[in-house]
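First the structure, in the form of structure tokens, and then the observations on it.
The values are calculated or read from the model by the stated rules, or taken from the named source; none is laboratory data. These numbers were taken from a predicted model, which means no experiment stands behind them. FYI the Cβ positions are ideal-geometry reconstructions off the backbone, even for glycines, and counts take in every protein chain you see. All accessible areas refer to the heavy atoms of the entire protein, side chains included, with ligands and DNA or RNA removed. Shrake-Rupley method; radii C 1.70, N 1.55, O 1.52, S 1.80 Å.
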Amino acid sequence: QVHLMESGGDLVQAGGSLRLSCLALGGAVSIATMNWYRQAPGKQRDLVARISGDGNTNYADSVKGRFTISKDKAENTVYLQMNSLKPEDTAVYYCNCVFGEHNFWGQGTQVTVSL
């Protein structure tokens, strides 16, 4: 069982930066595929960034060049560095862990970007 705890969401002005953290209690960061998703009000939950067990990364087109996903295996933590934030980045951001047939979700953290 993996328990995911997100933190770092906040209210920030457009152009600002935030770093989200996802602590994976129970480990798995070093070998699982870790994802950040986001869901805006009235919209579906979309994949934002992914990092595989061997460190390969993928990003949604809307965040390429602005967001960076990384992980600290020793701390069992995945990060999402978000720069040049835009109002359209406003959403609840969820950490997701895919390990074999198992799929775990965090409770989400709110990011609000104001004009």
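Of ALA24, ALA32, ALA28, which residue is at positive phi and either surrounded by 18 or more Cβ atoms within 10 Å (Cβ to Cβ) or of a type in the set (Val, Ile, Thr) (or both)? Give the derivation first.
Working: ALA24 fails: at positive phi; ALA32 fails: at positive phi.
When all the criteria are applied, what remains is ALA28.
Of the residues that make up the range 103-115, is at least one part of a loop (DSSP other than H, G, I, E, B), open to solvent by 60 Å² or more (accessible area, probe 1.4 Å) and over 13 Å from LEU4 (Cα atoms)? Please lay out each step first, then the result.
Narrowing the range 103-115 to residues part of a loop (DSSP other than H, G, I, E, B): 106-108, 115.
Now restrict to residues that are open to solvent by 60 Å² or more (accessible area, probe 1.4 Å): 107, 115.
After this cut, where a residue has to be over 13 Å from LEU4 (Cα atoms) as well, the list is 115.
Scanning the range 103-115, I find at least one residue that is part of a loop (DSSP other than H, G, I, E, B), open to solvent by 60 Å² or more (accessible area, probe 1.4 Å) and over 13 Å from LEU4 (Cα atoms), so the answer is yes.
Going through VAL12, VAL78, VAL63 one at a time, which residue ends up being assigned to a strand (DSSP E or B), among the hydrophobic types (A, V, I, L, M, F, W, C) and over 22 Å from HIS102 (Cα atoms)?
On the way: VAL78 fails: over 22 Å from HIS102 (Cα atoms); VAL63 fails: assigned to a strand (DSSP E or B).
Only one candidate passes the filter, namely VAL12.
Any residue in the range 1-17 that is modelled with pLDDT under 95 sitting within a Cβ distance under 6 Å of a residue that is loosely packed, with under 14 Cβ neighbours inside 10 Å and not small (Gly, Ala, Ser)? List the pairs, counting only those 6 or more apart or interchain.
As it stands, the answer is HIS3/LEU25, since those pairs meet every condition given.
Of the residues ASN35, ASN58, which is in contact with a strand residue (DSSP E or B) (Cβ under 7 Å, 6 or more places away or on another chain), closer than 15 Å to HIS3 by Cα and at pLDDT 95 or above?
Unique residue meeting the criteria: ASN35.
Restricting attention to the range 66-75, report how many residues are modelled with pLDDT of 95 or more, surrounded by fewer than 18 Cβ atoms within 10 Å (Cβ to Cβ) and in a strand (DSSP E or B).
Number of matching residues: 2.
Would it be correct to say that ALA28 is closer than 21 Å to GLY100 by Cα, of a type outside the set (Asp, Glu) and at pLDDT 95 or above?
Details: closer than 21 Å to GLY100 by Cα: yes; of a type outside the set (Asp, Glu): yes; at pLDDT 95 or above: no.
It is false that ALA28 is closer than 21 Å to GLY100 by Cα, of a type outside the set (Asp, Glu) and at pLDDT 95 or above.
Mind listing just one residue for me: the one in the range 81-98 that is open to solvent by 40 Å² or more (accessible area, probe 1.4 Å) and not in a loop (DSSP other than H, G, I, E, B) and, of those, nearest to GLY53 (Cα to Cα)?
So in the range 81-98, the residues open to solvent by 40 Å² or more (accessible area, probe 1.4 Å) come out as 81, 83-84, 86-88, 98.
Still in the running and not in a loop (DSSP other than H, G, I, E, B): 81, 87-88, 98.
On the way: GLN81: 19, PRO87: 31, GLU88: 29, VAL98: 10 Å.
Of everything passing the filter in the range 81-98, VAL98 is nearest to GLY53 (Cα to Cα).
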